[in-house]
């Protein structure tokens, strides 16, 4: 004999009702996993940006420490008549450009003047690397008479548009670039502020959400007491 439910609440779920429940749960679960996947993608992108930002910040911190010693010790601190080729004094800025800067100073605090360069592809073998070189100054022309640079990679995957921008004491941009101590040292002597805009982008590292390369930008600015021996045979010019 077939048994029949006396009341509706005594009956079990029908197949159609189970299918509907499963379908609803599938939709809800799919939505949850979609949100988790999106969150994971954003987390990966943000972690890459943080790593790039830290790399850029470390570079800028090193640059600021170096640039604070530009032109020290200068010709005003010595009892003898200084020349730009004397390795006992720092001439200050040696050469500047949109993607490079070269200067002299006692960056180690040891009393030994160093010739320091920051340059994109300084070694000639890393086109997207911003590199740093530091060698002890030798007696000779600050630009042409120094030891060969010793390059070390500081920042990888840089976008080489304009990294360094220079301003005078009135806040006007210095546009006569490149400028070097042998040919247009007066331009170097006018520089008071250096602005850094450092963008990093590795085209192989994509944002999984936007499908675009991840780009990170770090900016900074530093003012300096530019005691520059503006050109051979001239005195100091502190701006």
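Each value in this text was obtained by applying a stated rule to the coordinates, not by laboratory testing. Note that the coordinates shown come from a computational prediction; the quantities given were computed from them, not determined experimentally. Using ideal geometry, Cβ is built from the backbone for each residue, glycine included, and neighbour counts are taken over all protein chains shown.
Brief remarks on what is shown
- Using the Cβ-Cβ distance between residue 184 and residue 98 with R0 set to 22 Å, the FRET efficiency works out to roughly 0.90.
- Applying 1/(1 + (r/R0)^6) with r as the Cβ-Cβ distance of residue 29 and residue 212 and R0 = 22 angstrom yields a FRET efficiency of 0.15.
- log₁₀ of I(q)/I(0) at q = 0.16, 0.21, 0.23 Å⁻¹ - region 104-225, Debye sum with one point per alpha carbon: -0.96, -1.37, -1.44
- If R0 equals 25 Å, the separation of the Cβ atoms of residue 112 and residue 225 corresponds to a calculated FRET efficiency of about 0.80.
- Residues of region 88-114 with amide N under 20 Å of the 7 Å Cα→Cβ point at residue 58: 108
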